1. Could you identify the single residue in Gln57, Gln33 that is modelled with pLDDT under 70, over 30 Å from Glu128 (Cα atoms) and either assigned to a loop (DSSP other than H, G, I, E, B) or open to solvent by less than 50 Å² (accessible area, probe 1.4 Å) (or both)?
2. Out of region 89-139, which residues are touching a Phe, Trp or Tyr at 6+ places or on another chain (Cβ under 8 Å) and of a type in the set (Lys, Arg)?
3. Go through (1) more than 16 Å from Leu27 (Cα to Cα); (2) at pLDDT below 90 one by one and return the number of the condition Gly114 breaks.
4. Have a look at Ser122, Ser87 and point out the one that is of a type outside the set (Val, Ile, Thr), in contact with a Gly (Cβ under 7 Å, 6 or more places away or on another chain) and either modelled with pLDDT of 85 or more or in a helix (DSSP H, G or I) (or both).
5. Can you name every residue in region 90-128 that is over 15 Å from the mean Cα position of the chain (by Cα), open to solvent by less than 70 Å² (accessible area, probe 1.4 Å) and hydrophobic (A, V, I, L, M, F, W, C)?
6. Pairs under 6 Å by beta carbon, first residue modelled with pLDDT of 75 or more in region 7-29, partner part of a loop (DSSP other than H, G, I, E, B) and not basic (Lys, Arg), six or more apart or different chains?
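The values are calculated or read from the model by the stated rules, or taken from the named source; none is laboratory data. Note that the structure is a prediction, hence the values are computed from the model and not measured. Positions of Cβ are generated from backbone atoms using ideal geometry, with glycine treated the same way; all protein chains shown enter the neighbour counts. With ligands, DNA and RNA removed, areas are computed over all heavy atoms of the protein, side chains included. Shrake-Rupley method; radii C 1.70, N 1.55, O 1.52, S 1.80 Å.
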Amino acid sequence: MVLHAIHLAESYSRIIVRSDDTGVEVLLILCKQIHVWFISSVHACRPWNEREICPHQHVTICEKIGKDMSNCLPACRALTGCGTTSSLYRIGKTTAFTKLKTHLSELKDLAHFGLSASLEESLPVSREFALLLYGKKEN
């Protein structure tokens with residue numbers, strides 16, 4: 001869906017994406033080069049309760065959580081469960097986000113997760129993130 005939005009942005013000035021998936025929202029936050037309106041249902045059982053996130057809010061969200069956090073969100077999402085990976089046992093999105101936020105200085109390399117074909121580059125920081133999620137002793 002995000003790839004289609006990016007492609008359409010080459011021909012259109014405004015793209016509207018409607019989805020209930022927070023993963024789509026995370027990816028669209030990172031697409032700062034295009035103007036996307038994201039519309040999601042607040043509750044899946046009540047689709048008429050919608051919220052709209054427009055381009056300037058994406059910038060505000062990125063500024064609020066910071067560049068490093070924004071860049072690490074896709075890896076956090078992929079490692080904790082998304083459409084292509086299973087979720088971690090008893091680890092929710094809030095827990096993962098909080099741990100990432102708390103330990104961002106240790107986990108900054110998650111921003112490069114998946115950008116290299118080398119598993120050796122992605123595995124150490126992924127392992128560190130998983131250990132933190134499951135209660136690695138703090139130093």
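1. Gln33
2. Result: Lys99, single match.
3. Gly114 satisfies all of (1) more than 16 Å from Leu27 (Cα to Cα); (2) at pLDDT below 90 except (1).
4. Sole residue among the options that is of a type outside the set (Val, Ile, Thr), in contact with a Gly (Cβ under 7 Å, 6 or more places away or on another chain) and either modelled with pLDDT of 85 or more or in a helix (DSSP H, G or I) (or both): Ser122.
5. Ile91, Val125
6. Short answer, once both residue conditions are applied: Ala9/Ile34; Arg14/His35; Ile15/Ala9; Val24/Met1.
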